[in-house]
1. Over the whole of C:71-81, what's the average partner chain Cβ count within 10 Å per residue? Rounded to a whole number, please.
2. Please give every one of the lysines within straight-line cross-link reach of B:Lys10, meaning a C-alpha to C-alpha distance under 25 Å, and leave out same-chain neighbours fewer than 8 residues apart.
3. With everything on Cα atoms, drop me the angle between helix A:14-27 and the longest principal axis of chain A, reported from 0 to 90° to the nearest 10.
4. List the trypsin sites (Lys or Arg not before Pro) within region A:1-75 that fall in a DSSP loop (any state other than H, G, I, E or B) and whose Cβ has at most 15 other Cβ atoms within 10 Å.
5. Which of the peptides A:118-130, C:203-215, A:213-225 is most tightly packed, and how do the rest follow, going by the mean number of other Cβ atoms within 10 Å of each residue?
6. Could you tell me how far the Cα centroid of region A:70-85 sits from the Cα centroid of region A:145-206, in Å?
7. Report the per residue volume, in Å³, of the convex hull enclosing the C-alpha atoms of the protein assembly as shown.
8. Report the FRET efficiency, 1/(1 + (r/R0)^6), for C:Gln53 and A:Leu28, where r is their Cβ-Cβ distance and R0 is 51 Å, rounded to 0.05.
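Here, each number is a calculation from the coordinates, and none is a lab measurement. Predicted model only: the values in this text are computed from it and were never measured. For neighbour counting, all protein chains shown are included, and Cβ atoms are generated from backbone atoms with ideal geometry for every residue, glycine included.
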Amino acid sequence: MRIAIASGKGGTGKTTVAVNLACYLRNLGREVTLVDCDVEEPNCHYFLSPEWDFQQAHNVPVPSIDQDACRGESCLLCVRECRYNALIWMVNHVMTFPELCHGCGLCSFLCPEGAISEITRETGIMRGGKARGIDIYSGSLNIKEAMAPPLINQLKSLAPRSGTVILDAPPGTSCPAVATVHDADYVILVAEPTPFGLHDFKLSVDVLKQMELPFGLVINRDGMGDNSLLDYAKQEGIPVLARLPHSREAARSYSTGKILIEDLPDFIEQYEQMVNTIYSRQKA
Amino acid sequence: MKVGISSTGKTFQDQLDPRFGRAAGFIIFDLDSGQSEYLDNQGNQQASKGAGIHSAQNVVQAGANAVITGHIGPKAFAALDSGGVKVFQSEVKSVQEVIDDFRQGNLTQAHNPDKPGHWQG
Amino acid sequence: MQEIVVISGKGGTGKTSVLSALASLGPPKILADCDVDAADLHLIMHPRIQKRQEFISGELARIDPDACTQCGLCREYCRFDAIDESFRVWEQDCEGCALCYHVCPSGAIRMEPRFNGYWYVSETRFGTMVHAALLPGAENSGKLVTTVRTEAREIAEDQGIDLILTDGSPGIGCPVIASLSRTNLAVIVAEPTLAAVSDLKRVQELTSYFGIPSGIVINKADINDSLSDEIERFAKDKDLPLLGRIPYEEKITRAQIEGKSITEYDPSGLGEYMHRIWDGIQERLDAEQKASTA
Ligand code: SF4
Ligand code: SF4
Ligand code: SF4
Ligand code: SF4
């Protein structure tokens, strides 16, 4: 089963939930893989400190032009048709700008002379390792790179098809988050009970409904704000999987990178409830 | 020899546009004949990415052997460099003054892009 | 004209609270909300919308089922898995590259402009605000950020206002880069957690790469004093001014619930911290101005 942990905005405690859920399931004796899909700012490893034993570059295809075979100014089909402005004609040659290229393959498909082949460009790295018996995969997009989804997709493909796979999604509702959750069996949305939290939660709900994915809500820092989030969930019939109480101790524990269910065992109950609700829904 | 000057408008009284990729337009001026033509750049102003390199392409296609602008990003600079086009930098003044400065050799040639960029330039 | 951008890593550092407080202080300004992914600023600002514009960017493939012979070529070629078994294009996955359009032997595919949401010009009690709302699942793009900022600039010019306060996009991707370029000062909001400290470092790398003067505000500073100290050392190390430390207080959430800025909700307590932060910012801006006119 693939469970994605998502949130409308960063800082809602999404990573805490992902990490603690992974630890909780592992402690039950399950096979657990945790994939940190927040490749712009991967954070899971702060809590789990895995031993990395695998590392691989993430490459994307970019065009390479055989200038001798190119027809030149009489053609310029590739320059005209590239939707991302990644190619230009400069005096006597076609020039490529790999940072702008989306690797769509249009130019090599169109070139009437077969002058365009594809080479690869590194945009990030992927790492794999183990901590506390949990398999962990983490990706990191190189700084100033713009396109996260291809890296996220490749990273996800590293995880096994069996066992429980937990996907820590990037925050928000834009393409990297969508790329992470789109093939999940269940999505846990983590939100804070504040007006901001409610607003961001609604945006995520819209996206998940549109994608026809089953999901539930985990209220983090319950008690810090008001009841509007809970009321909204009830009104919309969204299952509340857990309410993680708001406490200074939890905030402090988080800030130092500790595992909450070990540091503050009171939280175990919450994860138990979360898991039971999800699995019973899946069976139903 | 022709120079392309990033400009806020069509005339020599208009100001140099300090942006290269997102300049309003370019005045292509032929130093030998004194003729000039105006290249509208609105399309690139709107573009989300690749504005700089496309401005470079268009200016060079219009025949410029040198470019005068305010700031230029690394990709546009690389594009011009690869076409053997020199880049000169100027303060914001009227296009006429910029041309005079250039004729008198008062402008400095840029050997590096001055503005790292992803979106601009 | 000067522009201040408030940014942070992704981890919900209370950037919006800091920003709305800054909006209530100092000289008149125009507000530009570029955090369009999860734009919350309006919950404090209560904007009265004056103007609404469609935001169109990029393209989307559309298959005409009547013309389609189900040959499957488009599906085979599309590198973004955007076309499903029933030959429908999934908008969220389509990159608008137009490869399918060129591949289709039956001319069944058209490329259409992509409608991504709206952007607005509104009035608020702190001045005119430009903001945007994306359709769910739409991509926050540098282009939208640039649109919002350009509009804010034009309005500022029209109204004769010299300062723009921008809520920057979070993260290190394209939108944040678009919200940073050519600003005069970046205020980086950080909080003392391991994750946020690493975010801070990545964000600082960006601002220094762009040569943008920056200062740091530590939010919830007393959650973890030793990490706050680490942030302070980092600031010193990078020669960045520490603009202030804001303590962790329930009042911040209370203010949010009442739809107020923290300076309005708690003028003497949190408001005082914010005043000091503003003074630090003003000092930086003045120095910047002097340097650029000298
Ligand atoms: S499509 Fe091929 S032949 Fe035509 S300009 Fe591009 S590289 Fe040259
Ligand atoms: S692969 Fe696609 S994006 Fe890249 S240069 Fe070719 S046409 Fe442009
Ligand atoms: S436009 Fe590109 S991404 Fe969209 S469906 Fe066609 S081939 Fe796929
Ligand atoms: S390539 Fe054209 S005809 Fe073939 S399946 Fe796709 S849309 Fe239909």
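1. On the way: counts 0, 0, 0, 0, 0, 0, 4, 2, 8, 8, 2.
Shielding by partners across C:71-81 averages 2.
2. Reachable lysines: B:Lys2, B:Lys49, B:Lys86, B:Lys93.
3. Helix A:14-27 and the main axis of chain A meet at about 70 degrees.
4. Values: sites: A:Arg2, A:Lys9, A:Lys14, A:Arg26, A:Arg30, A:Arg71; in loops: A:Lys9, A:Arg30, A:Arg71.
Passing both the DSSP loop test and the Cβ count: A:Arg30, A:Arg71.
5. Values: A:118-130: 17.0, C:203-215: 18.8, A:213-225: 20.5.
Descending packing order for the listed peptides: A:213-225, C:203-215, A:118-130.
6. Taking the Cα centre of region A:70-85 as reference, the centre of region A:145-206 is 37 Å away.
7. Details: hull volume 117.3 nm³, N = 699.
Cα convex hull per residue, to the nearest whole number: 168 Å³.
8. Details: r = 53 Å, r/R0 = 1.03.
About 0.45, to the nearest 0.05.
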